[in-house]
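The block underneath contains the structure these notes are about, expressed in structure tokens.
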Amino acid sequence: MILLKIGGSVLTDKARASTVRKDFLRMVAQQIANAKRDDLVLVHGAGSFGHPQAAAYLSKGRSISDAWKTHRAVSSLNTLFINELHSQRVPALPIHPLDSITLDGGRIARFDMAVLGLMLENDIIPVLHGDIVLDSADGFNILSGDQIVAFLAQRMQPEKIGIGTDVDGIIYKGEKISHLNANEFENYRKEIVGSSVVDVTGGMLRKVSELVEIAKAGIQSEIFNATRGGNIAKFLISNQQVGTIISIGTK
Ligand code: IP8
């Protein structure tokens, strides 16, 4: 099984509320279609379909109405993405975390994976996404797609885990590094900068932190630029490295 997250920065224009990057949506769907993998689990981020709404939820009194607007926004991106996948004949269906996951203090406490398992058995590609989710400690909380990836990685032990973003990998002192040893993450931490636009889930630093944790459990992943032509296909089909590998020890 391959686990692939496509970042909100790839699918949406993060500077404009609820605006999709149509060309990229198509380009991503085409590469997934061409790879012809039926053992794929997709996760996508929220980008401008969720982060501004989640920021409003968090700052304006945490109303159920703002929680709904957040879920509605990211669900509508999920629908647009799945429509595009279907137009490329990719048999994909949604799994909405609001309905299937609960949190405890911001971390996944329960995830009913029965639907996901049956989808894979039926050659259906599940498409999950970052979402606003009920939290037993705290009303609702924002669940990033990256935490979903880390959770599924530990549960399902995929053969490959990829995080497609709009940067070439982990940028350290202005240059992409080809490998991050999870044991040395603390040396890099202060140099990894977050996103300049609204990102309630902590941007690149949070993403890398999630991947460092799974690397420490022996699970390797790769962050790469999904906006560059062909990288998703290369990741899905070949063994060619396209971004930064995060693992334990030296590569
Ligand atoms: O874009 C965030 O998911 P992410 C989810 O994967 C919401 O961090 C609702 C903002």
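Once C-alpha pairs closer than 8 Å and six or more residues apart are averaged by separation and normalised to the residue number of the chain, the relative contact order reads 22 percent.
Just the protein heavy atoms count here, and of the accessible area of the chain at 1.4 Å, carbon and sulfur take up 48 percent. When the P(r) of region 98-147 is calculated, the portion above 16 Å amounts to 41% of the C-alpha pairs. Residues considered: S59, S221, S75. Largest GNM mean-square fluctuation over the chain, using C-alpha springs under 10 Å, is found at S59.
Compute the Cα gyration tensor for region 132-178, then decide on rounded, prolate or oblate, letting a ≥ b ≥ c be the square roots of its eigenvalues: rounded whenever a/c is under 1.5, prolate when a/b is larger than b/c in the other cases, and oblate in all that remain. Oblate shape, in that a/c is at least 1.5 and b/c is the bigger or equal ratio. A straight line joining the Cα centroids of region 136-214 and region 1-63 runs 15 Å. Magnitude of the charge dipole for the chain, about its Cα centre and with charges confined to Cβ atoms of Lys, Arg (+1) and Asp, Glu (-1), is about 520 debye. The fraction of Cα-Cα pairs per 10 angstrom bin, counted from 0 for region 55-135, comes to 17, 41, 31, 10, 0 percent, rounded to whole percents. Potential lengthening of the chain between I237 and K176 amounts to 19.7 nm, from the contour at 0.36 nm per residue minus the alpha-carbon distance. Taking all protein chains as shown and a probe of 1.4 angstrom, E84 keeps an accessible surface of around 30 Å².
Taking the square roots of 5 times each eigenvalue of the Cα gyration tensor of region 5-153, largest first, gives ellipsoid semi-axes of 25, 19, 11 Å. At q = 0.10 Å⁻¹, work out log10 I(q)/I(0) for the chain with the Debye formula, treating every Cα as an identical point scatterer and leaving solvent out; two decimals please. For the chain at q = 0.10 Å⁻¹, log10 I(q)/I(0) is -0.43. When the residues T79, T250 are ordered by accessible surface, computed with a 1.4 Å probe over the protein chains alone, the sequence from largest down reads T250, T79.
One equal scatterer on each Cα of region 156-215, no solvent, Debye formula: the resulting log10 I(q)/I(0) at q = 0.14, 0.17, 0.27, 0.29 Å⁻¹ is -0.41, -0.60, -1.43, -1.55. Exceedance of the 19 Å cut-off in Cα-Cα distance is limited, within the set K5/K160; K14/K173; K160/K216, to K14/K173.
Dividing the Cα radius of gyration of region 20-90 by 2.2 N^0.38 Å, with N the residue count, gives 1.32.
Convex hull volume of the C-alpha atoms in region 99-213, normalised per residue: 134 Å³. Would you mind counting up the charge near I125? Only other residues with Cβ under 14 Å from its Cβ, with Lys and Arg at +1 and Asp and Glu at -1. The answer is -1. DSSP finds beta bridges in region 88-142, and of those with both partners inside it, around 65 percent are antiparallel. Screening the chain for whole DSSP H helices with an alpha carbon extent of at least 18 angstrom along the helix axis and a mean Kyte-Doolittle hydropathy of at least -0.5 yields 22-35, 64-87, 203-216. Among L98, L40, the order of accessible area from largest down is L98, L40, computed with a 1.4 Å probe on protein heavy atoms. In region 1-141, the DSSP beta bridges split such that about 35 percent are antiparallel, to the nearest 5. Of all DSSP beta bridges confined to the chain, the antiparallel ones make up roughly 40%.
The values are calculated or read from the model by the stated rules, or taken from the named source; none is laboratory data. The shown structure was predicted, so the numbers you read here are calculated from the model rather than taken from an experiment. FYI the Cβ positions are ideal-geometry reconstructions off the backbone, even for glycines, and counts take in every protein chain you see. Note: areas computed on protein heavy atoms with side chains; ligands, DNA, RNA excluded. Shrake-Rupley method; radii C 1.70, N 1.55, O 1.52, S 1.80 Å.
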